[in-house]
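Everything below concerns the one structure shown next.
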Amino acid sequence: MTSITLPGLVDPHDLAEDRQFSMNLARGLNVLRAFTVADPVLGNREIAERTGLPKPTVSRLTYTLTLLGYLTRDPALQKYRLGSGVLSLSHPVLAGAQVRQVARPFMEQLARATGCSVNLGMRDRADVVYLDAVRADKANYHWPDIGSTRPLLASAMGRALIQSLPKPEQTAILNYLKVHDREMYDKHRAAWEADQKLFAAHGFCHSRGDWRKDVHAIAAPIRLPAREQPVAMNCTLIGYSLPKDKLSREVAPLLLEAVRQIELAYGVRATN
C-alpha cells in the first residue's frame with residue numbers, strides 16, 4: 001500500500017483489519033466496475049474472474065445489486081448488465097461539477113480557433129474519466145463520450161493531471177501504476193519522463209500517438225480551489241492530417257490561455 005492514500009488507490013485487501021472499512025460495499029462496487037464498454041454483459045463466472053471474488057460471493061452481490069436496480073438480468077443469457085441505478089448516480093457528479101459550466105465557453109472558443117476536439121477530464125484510479133467534450137476534428141473517430149475513460153499514463157491529459165499534484169501524490173500514483181499494470185507503466189515511462197521536462201519548461205504535456213497511433217494531443221491542468229477535484233483540458237487532432245509541430249507551436253499557447261481564463265473565472269490568481 002502506498003504511503004499516501006489517494007481516492008481510488010486503495011486495495012481493499014490491505015484494509016481487511018480496518019473496522020471502519022466496509023468490505024462488502026467494496027466488493028459490490030468492484031462488481032459494478034467489472035462491466036466495461038467492451039464487456040457490457042457478464043455472467044457470475046466472468047465477474048468472478050475479473051474481480052477475483054469467489055463465485056458464491058459474486059452470486060449474492062449480483063442478486064442484491066439487481067434487486068436495488070444497479071444491475072439488470074437478461075433471463076435468456078442468464079447474465080447481467082448495468083442498470084439505470086448506476087446512471088442516476090453519475091448525474092449529481094456532473095451537475096455538481098461547476099468547472100464544466102465555467103469551462104464550456106472557453107472550450108468551444110478553443111475548438112473553433114484550432115480545429116481540435118477539446119476535452120475536460122479528471123482522474124479515476126488509473127484512468128482519466130471525461131467530464132465534457134467539444135468536437136471539432138471530424139476525422140477523430142476516438143471522440144470520447146462523457147464518462148468514458150483513457151489510461152492515465154498513456155494520455156497527455158492523464159500525465160497533466162499527475163503533474164498538477166504535489167510530488168508525494170505523484171509518487172503514490174506512479175507506485176500504484178507500477179504494481180497494478182507494470183506493462184503499461186514500462187511502455188509509457190519514457191513519455192512520462194519526457195513530459196516531466198516539457199511541463200516544467202512550458203506548462204503542458206504532449207502525446208504523439210501514445211494511446212492511439214493516429215491521435216495526437218496536448219493537455220494542461222486547470223488550477224482550481226482546494227475543494228474541487230483536479231481537472232485537466234486537452235486538445236486532440238488526428239495525426240495523419242497534422243502539420244509538424246502544430247500542436248506544440250500553434251495550439252499550445254491558445255490552450256494555455258484558455259486555461260488561464262478558466263482559472264481567472266474561478267478567481268485563481270496567476271503565478272509567475
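The values are calculated or read from the model by the stated rules, or taken from the named source; none is laboratory data. All values reported here derive from a predicted model rather than from experimental measurement. All Cβ positions, even for glycine, are placed from backbone atoms using ideal geometry, and neighbour counts span all protein chains on display. Only protein heavy atoms, including side chains, enter the accessible area calculation; ligands, DNA and RNA are left aside. Shrake-Rupley method; radii C 1.70, N 1.55, O 1.52, S 1.80 Å.
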Legend entry - Top-ranked residue in region 82-99 [being of a type in the set (A, V, I, L, M, F, W, C) and under 24 Å from residue 120 (Cα atoms); ranked as most open to solvent (accessible area, probe 1.4 Å)]: 87
Legend entry - Residue list for region 210-223, filter: under 23 Å from residue 183 (Cα atoms), modelled with pLDDT of 90 or more and not charged (D, E, K, R): 216, 217
Legend entry - Filter pass, residue 59 being more than 23 Å from residue 125 (Cβ to Cβ) and without any contact (Cβ under 8 Å) to a residue 60 or more places away in the chain: yes
Legend entry - Selection status of residue 10, within 21 Å of residue 149 (Cβ to Cβ) and touching a residue at least 60 places away in the same chain (Cβ under 8 Å): no
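Could you list, in sequence order, the residues of region 76-102 that are in contact (Cβ under 8 Å) with a residue 24 or more places away in the chain and within 16 Å of residue 147 (Cβ to Cβ)?
Of everything in region 76-102, those that are in contact (Cβ under 8 Å) with a residue 24 or more places away in the chain and within 16 Å of residue 147 (Cβ to Cβ) turn out to be 81, 82, 86, 90, 94, 97, 99, 100.
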Legend entry - Whichever residue in region 64-81 is under 22 Å from residue 23 (Cβ atoms) and within 29 Å of the chain's Cα centre (by Cα) and, among such residues, is least open to solvent (accessible area, probe 1.4 Å): 71
Legend entry - Number of the exception - residue 251 against (1) surrounded by fewer than 22 Cβ atoms within 10 Å (Cβ to Cβ); (2) assigned by the TED database to the domain that holds residue 118: (1)
Inset, instruction - Name the one entry in 63, 80, 70 that is within 30 Å of residue 228 (Cβ to Cβ), at pLDDT 95 or above and aromatic (Phe, Trp, Tyr). - result: 70
